[in-house]
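Enquirer: Please find one structure pasted underneath; my questions will follow.
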Amino acid sequence: MTHADTRARYDELVQPERVHGSLYTSPEVFADELARIWYSTWVYVGHVSEVAKPNDYVRKAIGPQDVIMSRSADGEVHLLLNRCAHRGNLVCEAAAGNSSSFRCAYHGWTYRNSGELVGYPFHQGYGGRGKLDLGLGRVPRVAVHQGFVFGSFAPDGPSLAEHLGDAAGEIDRLVRLSPEGEIELTAGWLQHRARANWKLLAENETDGYHPQFVHASIFSVAESGIGALYGEKSSAVTRAFGHGHSENDLRPEFRRLGAPLGWFGTTEERMPGYVAAMRAAHGEAAQEILVEGAPHVMIFPNLFIAEIQMFTIQPLAHDVTVQHVTAVQLKGAPEMNRRMLQQCVGSVGPAGLLLADDTEMYERNQVGLGELRPEWVDVRRGSHREHVDERGHTVGGATDETAMRGFWAHYRELMTR
Ligand code: FES
Ligand SMILES: [Fe+2]
């Protein structure tokens with residue numbers, strides 16, 4: 001197919017209020033997405049706190065690509081591809097560690113943690129020492145926002161700031177919850193594999209229509225008020241930021257309640273140390289921060305911040321996706337961190353109820369989408385009652401599919417470029 005043909009094809013398959021089911025089930029579409037989305041746009045890779053010290057490294061991924069995030073001795077963060085320049089072996093086996101170099105196990109080629117080849121055995125075979133000018137592949141562009149490291153395989157294109165747009169403010173909101181203005185992702189990662197297309201996960205992260213049904217049992221067991229945030233009467237909104245990013249903005253509900261830490265299901269009295277530290281750090285602004293709580297934001301295509309936990313979505317095939325999960329930890333807030341870790345394990349840990357509920361839905365969705373008819377997926381909910389806010393973002397009700405339509409509009413733009 002020519003480029004014009006595939007352009008026309010995606011124009012047809014992605015419409016404003018419906019998308020074609022084959023977009024979730026076709027290996028060819030997945031191959032196109034790797035090229036046009038995962039290897040073109042900005043993708044979240046990791047957080048600087050995961051490579052806190054010089055020579056720390058951690059294995060990450062951009063889609064199916066194995067990426068080493070390293071910090072060289074001079075403090076710079078690098079994104080290197082885990083592929084030996086000799087014959088392609090993995091150069092890094094460990095999930096994380098501290099080392100100034102990586103040595104390939106196959107023939108002993110050794111690379112600095114900034115990617116340069118520093119040595120190879122039996123160098124006469126190459127005409128002597130220092131004759132080879134080969135290094136590890138690298139992600140051409142690396143950019144950091146508030147410690148969040150993003151990479152792009154496209155050497156040129158929009159900057160990270162342009163890509164994030166106003167969604168960057170949601171990351172800032174998360175970071176503000178730390179008395180020291182920094183988060184740390186040091187609690188360790190869980191990995192959940194789902195037999196489902198990655199877009200089902202991305203769409204679900206800010207789908208405010210499903211929680212009352214899919215999570216009814218956990219809400220009732222935990223006597224949680226969260227379900228009510230996603231109802232017809234809720235004053236919460238769904239916002240599409242552009243560039244495929246979206247959020248469930250629950251602040252209107254929390255402001256109505258007006259209780260510090262109400263968003264976290266607790267009270268000021270039970271977190272005295274944290275509240276004191278926040279008031280000392282932020283002064284009068286602390287009240288608002290403590291009432292409004294953490295963001296619930298999906299950053300296209302793979303970073304989801306769900307208040308106190310963080311997810312990254314990693315697609316492996318058209319019908320296989322890994323969700324990496326960790327608890328957010330706020331620097332200078334040990335009281336909160338302990339509870340955030342407990343809540344994270346309870347909701348998305350190995351026996352966690354929330355993630356199990358959602359995963360069941362992704363997988364059933366994937367099976368259903370393989371059926372022949374009807375061919376389309378409907379995403380029109382609430383389109384008649386959307387409005388554009390003062391910053392130019394489309395806003396819908398708490399249960400509307402505004403976020404999904406924003407996701408697909410950006411998807412279509414990338415896939416037809
Ligand atoms: S493949 Fe790495 S040294 Fe040969
Ligand atoms: Fe859910």
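Enquirer: Starting from residues that are over 30 Å from Glu50 (Cα atoms) and open to solvent by less than 70 Å² (accessible area, probe 1.4 Å), keep the ones in segment 89-124 and report whichever is nearest to ligand 2 (Cβ to nearest atom).
Expert: Step by step, filter segment 89-124, then rank; the result is Pro121.
Enquirer: Among the numbered criteria (1) assigned to a helix (DSSP H, G or I); (2) open to solvent by less than 10 Å² (accessible area, probe 1.4 Å), which single criterion is violated by Ala280?
Expert: (2)
Enquirer: Separate question: Scan segment 173-203 for residues that are closer than 28 Å to Leu354 by Cβ and open to solvent by 50 Å² or more (accessible area, probe 1.4 Å) and jot them down. If you could, list the steps in order and put the result at the bottom.
Expert: Residues of segment 173-203 closer than 28 Å to Leu354 by Cβ: 173-179, 182-203.
Passing the criteria: Arg176, Glu182, Glu184, Thr186, Trp189, Leu190, Gln191, Arg193, Arg195.
Enquirer: Also: Please verify whether segment 42-53 includes one or more residues that are in contact (Cβ under 8 Å) with a residue 24 or more places away in the chain, closer than 21 Å to Arg417 by Cβ and in a helix (DSSP H, G or I).
Expert: Looking through segment 42-53, none of the residues is in contact (Cβ under 8 Å) with a residue 24 or more places away in the chain, closer than 21 Å to Arg417 by Cβ and in a helix (DSSP H, G or I).
Enquirer: Out of Tyr44, Tyr10, Tyr57, Tyr24, I need the residue that is open to solvent by less than 40 Å² (accessible area, probe 1.4 Å) and out of contact with any Ser or Thr (no Cβ under 9 Å at 6 or more places or on another chain). Which one?
Expert: One residue alone meets the criteria, Tyr24.
Enquirer: Output the residues belonging to segment 129-140 that are modelled with pLDDT of 95 or more, more than 12 Å from ligand 1 (Cβ to nearest atom) and either open to solvent by 40 Å² or more (accessible area, probe 1.4 Å) or more than 32 Å from the chain's Cα centre (by Cα) (or both).
Expert: Passing the criteria: Arg138, Pro140.
Enquirer: Hey, can you tell me all the residues within segment 181-239 that are of a type in the set (Lys, Arg) and more than 22 Å from Val328 (Cβ to Cβ)?
Expert: Arg193, Arg195, Lys199, Lys233
Enquirer: Additional query: Which of (1) open to solvent by less than 10 Å² (accessible area, probe 1.4 Å); (2) closer than 30 Å to Glu390 by Cα; (3) touching a helix residue (DSSP H, G or I) at 6+ places or on another chain (Cβ under 7 Å) does Gly258 not meet, given it meets every other one?
Expert: (1)
Enquirer: Can you find a residue that is among the charged types (D, E, K, R) and under 24 Å from the mean Cα position of the chain (by Cα) anywhere in segment 251-262?
Expert: The answer is yes; a qualifying residue exists.
Enquirer: With (1) assigned to a helix (DSSP H, G or I); (2) surrounded by 15 or more Cβ atoms within 10 Å (Cβ to Cβ) as the list, and Asp207 as the residue in question, which single condition is left unmet?
Expert: (1) is the only condition that Asp207 fails.
Results for (1) at pLDDT 95 or above; (2) among the acidic types (Asp, Glu), shown as yes or no for each residue.
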position: Pro295; (1), (2): yes, no
position: Asp319; (1), (2): yes, yes
position: Gln323; (1), (2): yes, no
position: Ala333; (1), (2): yes, no
position: Cys344; (1), (2): no, no
position: Gly370; (1), (2): yes, no
position: Val377; (1), (2): yes, no
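Enquirer: Scan the strands (runs of 3 or more DSSP E) fully inside segment 316-417 and keep the ones with 1 or more residues being among the polar types (S, T, N, Q). Steps first, answer last, please.
Expert: Numbers: elements: 320-327, 376-378, 394-397.
Output list reads 320-327, 394-397.
Enquirer: Among the residues of segment 367-414, what is the count of those that are among the hydrophobic types (A, V, I, L, M, F, W, C), in contact (Cβ under 8 Å) with a residue 40 or more places away in the chain and farther than 12 Å from Gly244 by Cα?
Expert: 6
Enquirer: Restricting segment 187-203 to residues that are more than 15 Å from Val348 (Cα to Cα) and under 16 Å from the mean Cα position of the chain (by Cα), which is nearest to ligand 1 (Cβ to nearest atom)?
Expert: Looking at residues that are more than 15 Å from Val348 (Cα to Cα) and under 16 Å from the mean Cα position of the chain (by Cα), I get Trp198.
Enquirer: Shifting gears a bit: Report yes if Gly115 is at pLDDT 95 or above, among the small types (Gly, Ala, Ser) and more than 29 Å from the chain's Cα centre (by Cα), otherwise no.
Expert: no
Enquirer: Still on this structure, I have one more. Being under 20 Å from the mean Cα position of the chain (by Cα), more than 16 Å from ligand 2 (Cβ to nearest atom) and within 26 Å of Ala398 (Cβ to Cβ) is the filter here; which residues of segment 329-387 pass it?
Expert: Once the filter is applied, which keeps residues that are under 20 Å from the mean Cα position of the chain (by Cα), more than 16 Å from ligand 2 (Cβ to nearest atom) and within 26 Å of Ala398 (Cβ to Cβ), segment 329-387 yields only Met340.
Enquirer: Where in segment 70-127 are there strands (runs of 3 or more DSSP E), lying wholly inside it, with at least 3 residues that are away from ligand 1 (no atom under 11 Å from the Cβ) and either in the same structural domain as His47 (by the TED database) or within 25 Å of Val142 (Cα to Cα) (or both)?
Expert: 77-81, 96-98
Enquirer: Cβ-Cβ under 9 Å, sequence separation 6+ or interchain: first residue in segment 12-24 and within 16 Å of His318 (Cα to Cα), partner of a type in the set (S, T, N, Q) and open to solvent by 30 Å² or more (accessible area, probe 1.4 Å). Which pairs?
Expert: From segment 12-24, the pairs are Tyr24/Asn365.
Enquirer: Suppose we filter Asp156, Asp133 for residues that are over 29 Å from His245 (Cα atoms), away from ligand 2 (no atom under 16 Å from the Cβ), outside any strand (DSSP E or B) and charged (D, E, K, R); which single one remains?
Expert: Matching residue, one of Asp156, Asp133: Asp133.
Enquirer: Go through (1) part of a loop (DSSP other than H, G, I, E, B); (2) at pLDDT 95 or above one by one and return the number of the condition Met1 breaks.
Expert: In the conditions (1) part of a loop (DSSP other than H, G, I, E, B); (2) at pLDDT 95 or above, Met1 misses (2) alone.
The values are calculated or read from the model by the stated rules, or taken from the named source; none is laboratory data. Note that the coordinates shown come from a computational prediction; the quantities given were computed from them, not determined experimentally. All Cβ positions, glycine included, derive from the backbone under ideal geometry; neighbour counts span all protein chains shown. Side chains included, ligands, DNA and RNA excluded: accessible areas come from the protein's heavy atoms. Shrake-Rupley method; radii C 1.70, N 1.55, O 1.52, S 1.80 Å.
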